[in-house]
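Step one of this worksheet: look at the structure below.
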Amino acid sequence: MSDEFVKGLATLCGGLFGWMVFSGWYTTEGFESTQLIAEVPTDPAIYGNIALTLREALFWFAIFGAITFWVLIPAGRQVRAALRDRRSSN
């Protein structure tokens, strides 16, 4: 079970680190104003669009990756073990 925790933590940290890097580049107006969550540029070039899309993808990768490793995989193993025990008791 500890390997799922570490994989989920690595997914969460890696994804959010990438999100912070792209947010720092594209959505930080200045040090005195809103940082990381300011409005996205209105008309970025093609690389800006790619970076902003990657920024959103990294955020959702971090969230769903952590949920997958911390909740879904352990729950699936518990269900599988319960079904195996139910079949062996019959």
Per-region count, the range 16-32, residues open to solvent by 100 Å² or more (accessible area, probe 1.4 Å) and assigned to a loop (DSSP other than H, G, I, E, B): 3
Hits in the range 15-58 - residues which are at pLDDT 90 or above and among the aliphatic types (A, V, I, L, M): LEU16, MET20, VAL21, ALA45, ILE46, ILE50, ALA51, LEU52, LEU54, ALA57, LEU58
Residue list for the range 33-84, filter: outside any helix (DSSP H, G or I), surrounded by 12 or more Cβ atoms within 10 Å (Cβ to Cβ) and over 19 Å from the mean Cα position of the chain (by Cα): GLN35, ALA38, VAL40, PRO41, PRO44
Number of positions in the range 1-15 that are part of a helix (DSSP H, G or I) and surrounded by fewer than 16 Cβ atoms within 10 Å (Cβ to Cβ): 8
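The values are calculated or read from the model by the stated rules, or taken from the named source; none is laboratory data. Here the structure is a predicted model, which means the values were calculated and not measured. Please note: Cβ atoms are built from the backbone with ideal geometry, for glycine as well, and neighbour counts cover all protein chains shown. Protein only, heavy atoms only, side chains kept; ligands, DNA and RNA dropped before computing areas. Shrake-Rupley method; radii C 1.70, N 1.55, O 1.52, S 1.80 Å.
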